[in-house]
Amino acid sequence: MEWLNTKIADQWRNEGKRYAGDVNAFVHKMLQGEQPNESELADDTRHAMSAKVMKMVKQANLQGEVERLREELPAATWPLSNHFQDSMQAVQVAGYLNEETVLCNTGILSNNGQVYTMDQQGWWCSPEYTFAGCSEGGAYVALANREGVRVVFKPDCRLEGEQVSFYPWNGIQDRIKANLPEIESLADITHPECTLEKLIPMDQGQTLLLQSRYGIYLIAQEQVTILHPDASEIQEYEYEDTQLAMGHTAVSYDERQIAWGSQMSSHTVLDRESNKTYEVEPESSYPHCVAFSRDSQVVWFNACHFYNGVTIQVPLDNMSVSKQKEEWPIMDENARVYAMVEIEAGMVIGDAYGYLYCINREGQELWRHFVGSTIYSLMVSPEQSQLAVGTYGGMLHILDLRSDRMDEYGIGTGALRERERYVLWREQEPLRW
């Protein structure tokens with residue numbers, strides 16, 4: 001093990017244990033109703049070792065000694081942020097292809113989008129596609145490149161499978177332009193694949209929900225509907241383009257409802273069965289995130305204000321009968337939420353400060369867990385044995401949901417244990433850690 005500097009590794013482990021223990025003790029006191037002084041927490045000093053540690057991470061990967069690497073140098077993000085900030089980028093978990101294989105995107109909203117699959121055997125980068133998305137059940141995968149979007153049924157780890165539909169960009173753009181002839185939209189973009197933020201195949205791949213910087217669209221082979229911004233609002237307020245700030249969207253697991261929002265909108269839900277649209281006023285300033293429960297009974301909305309926010313829970317069967325503004329249950333009134341996904345215990349929300357919170361439908365916090373950087377995306381595996389977390393720190397974390405205890409370097413109140421992580425930084429090959 002020529003790559004290992006044992007002196008630095010010892011310092012890294014000891015400081016990691018010390019810092020995690022101090023923070024966990026602080027959080028425990030706070031949850032017990034005490035008011036501990038945060039200034040008494042000693043800073044994490046591992047940032048001074050970060051360059052040498054990352055050099056060892058690279059060498060251990062080259063020599064195929066990743067398991068030993070995790071033992072000697074437990075993974076962390078926070079200590080790397082000062083030295084490697086310019087290399088970090090958002091990691092979007094697109095879905096699980098099976099219980100062990102994760103599909104993810106990097107280079108989002110750039111001309112360098114990349115699609116990866118990862119499992120415990122390693123990683124693979126697609127030479128053909130620049131963006132990917134999964135259906136809510138995970139069986140259908142949408143794959144985008146310069147030609148269009150291909151939807152594949154149950155692809156393997158090399159993204160090969162039965163093609164069920166293909167949506168060429170020229171057809172999509174022609175239909176958008178027919179509806180919005182004088183407004184700059186996705187129809188006017190030379191490389192629409194570089195503007196994608198989310199792709200969700202629906203109806204066994206015969207419909208596609210597409211979220212772009214230039215609007216949210218529902219696409220079928222012969223029709224394109226612009227969901228947001230609303231076409232009538234575009235005309236009424238004389239929009240110059242369809243660009244969105246903080247755009248977000250989600251599909252219910254039964255595919256009956258679609259929800260969306262952006263900085264200047266209400267929370268909005270379309271019932272595809274009745275073709276009715278419902279609006280819910282946000283509890284904070286700007287709609288920021290939405291997710292449905294796995295039983296398609298409730299929808300959770302988050303609205304943010306700076307780095308804080310409020311999350312509400314709305315029963316879907318109440319939306320159609322409500323004639324006035326309801327006081328919807330508040331699930332959390334602190335977090336600016338970037339991603340949400342429901343697991344068996346409750347809804348997991350990921351916030352701007354790098355924390356995951358699991359909250360049940362009664363609004364009770366069950367656990368929290370710190371991953372070290374602003375949460376960008378979340379996805380749970382089909383059998384709910386693991387949680388994949390993508391962050392703005394360029395990390396893909398694989399957390400064990402069935403662990404009986406947290407490791408000694410973890411920060412949180414639950415039993416989550418990180419199984420593995422990938423470092424997905426700009427202009428670098430992925431590293432396992």
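The values are calculated or read from the model by the stated rules, or taken from the named source; none is laboratory data. Because the structure is a prediction, the values reported are computed rather than measured. FYI the Cβ positions are ideal-geometry reconstructions off the backbone, even for glycines, and counts take in every protein chain you see.
Computed quantities for the displayed model
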| quantity | calculated |
| --- | --- |
| Matching residues in the stretch 158-188 - criterion: being within 17 Å of Ala142 (Cβ to Cβ) and either part of a loop (DSSP other than H, G, I, E, B) or of a type in the set (Val, Ile, Thr) (or both) | Arg158, Leu159, Glu160, Gly161, Val164, Ile172 |
| Extreme residue, surrounded by the most Cβ atoms within 10 Å (Cβ to Cβ), among residues of the stretch 224-241 that are closer than 13 Å to Ser265 by Cα and touching a strand residue (DSSP E or B) at 6+ places or on another chain (Cβ under 6 Å) | His228 |
| Failed condition for Tyr357, given (1) of a type in the set (Ser, Thr, Tyr); (2) assigned to a loop (DSSP other than H, G, I, E, B); (3) over 22 Å from Gly394 (Cβ atoms) | (2) |
| Residue within the stretch 207-219 that is of a type in the set (S, T, N, Q) and either over 23 Å from the mean Cα position of the chain (by Cα) or not in a strand (DSSP E or B) (or both) present | no |
| Every residue from the stretch 81-112 that is farther than 18 Å from Met379 by Cβ and over 16 Å from the mean Cα position of the chain (by Cα) | Ser81, Asn82, His83, Phe84, Gln85, Asp86, Ser87, Ser110, Asn111, Asn112 |
| Of all residues making up the stretch 91-112, the number that are surrounded by 16 or more Cβ atoms within 10 Å (Cβ to Cβ) and touching a Leu at 6+ places or on another chain (Cβ under 9 Å) | 12 |
| Residue check for Gly394: more than 22 Å from Cys289 (Cα to Cα), small (Gly, Ala, Ser), surrounded by 17 or more Cβ atoms within 10 Å (Cβ to Cβ) and at pLDDT 95 or above | no |
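Residue-by-condition table, conditions (1) of a type outside the set (S, T, N, Q); (2) in contact with a Gly (Cβ under 6 Å, 6 or more places away or on another chain); (3) within 21 Å of Glu182 (Cα to Cα):
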residue: Gln221; (1), (2), (3): no, no, no
residue: Glu233; (1), (2), (3): yes, no, yes
residue: Asp254; (1), (2), (3): yes, no, no
residue: Gln257; (1), (2), (3): no, no, no
residue: Val269; (1), (2), (3): yes, no, no
residue: Glu273; (1), (2), (3): yes, no, no
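Residue-wise test of (1) out of contact with any Phe, Trp or Tyr (no Cβ under 6 Å at 6 or more places or on another chain); (2) surrounded by fewer than 23 Cβ atoms within 10 Å (Cβ to Cβ); (3) touching a residue at least 24 places away in the same chain (Cβ under 8 Å); (4) not β-branched (Val, Ile, Thr).
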| position | (1), (2), (3), (4) |
| --- | --- |
| Gln114 | yes, yes, no, yes |
| Gln121 | yes, yes, no, yes |
| Asn145 | no, yes, yes, yes |
| Glu182 | yes, yes, no, yes |
| Asp203 | yes, yes, yes, yes |
